[in-house]
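Read the structure below first, then the notes.
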Amino acid sequence: MAELFASGHIADLILAIIALEAIAIVAHRRWTGHGIRLIAILPNLLSGACLVIALRTALIGAEWVWTAIPLVAAFAAHIWDLSRTNK
């Protein structure tokens with residue numbers, strides 16, 4: 001288990017789960033005609049994915065800039081999310 005974290009592969013697993021969540025949302029809406037549209041939750045998923053990417057870079061000891069870039073992207077996606085939900 002320690003190697004899963006030290007290698008950053010735990011973040012890969014989490015990113016795969018986020019991707020599966022997006023696929024499940026699309027599939028559910030397509031099959032049933034009901035449920036949330038992907039565009040409605042996309043900023044939230046994107047923000048979370050960017051945070052997980054930043055976590056991965058930190059876990060593997062990447063240069064600080066490679067952690068900062070996805071953090072800035074996560075912030076931008078979060079602002080996008082907030083701007084859509086507060087209208």
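The values are calculated or read from the model by the stated rules, or taken from the named source; none is laboratory data. All figures in this text were calculated on a predicted structure; none of them were measured in a lab. Every residue, glycine as well, gets a Cβ built from its backbone with ideal geometry; the counts of neighbours run over all protein chains shown.
Just to confirm my filter: which helices (runs of 4 or more DSSP H) fall fully inside the chain and include at least 1 residues that are of a type in the set (Asp, Glu) and in contact (Cβ under 8 Å) with a residue 12 or more places away in the chain?
9-32, 64-85
Would you confirm whether any residue within the range 25-42 is among the small types (Gly, Ala, Ser), under 16 Å from the mean Cα position of the chain (by Cα) and at pLDDT 95 or above?
no
Select from the range 32-50 the residues that are surrounded by fewer than 19 Cβ atoms within 10 Å (Cβ to Cβ) and of a type outside the set (Gly, Ala, Ser) and list them in ascending order.
If the condition is that a residue be surrounded by fewer than 19 Cβ atoms within 10 Å (Cβ to Cβ) and of a type outside the set (Gly, Ala, Ser), then THR32, HIS34, ILE36, ARG37, LEU38, ILE39, ILE41, LEU42, ASN44, LEU45 are the ones that fit.
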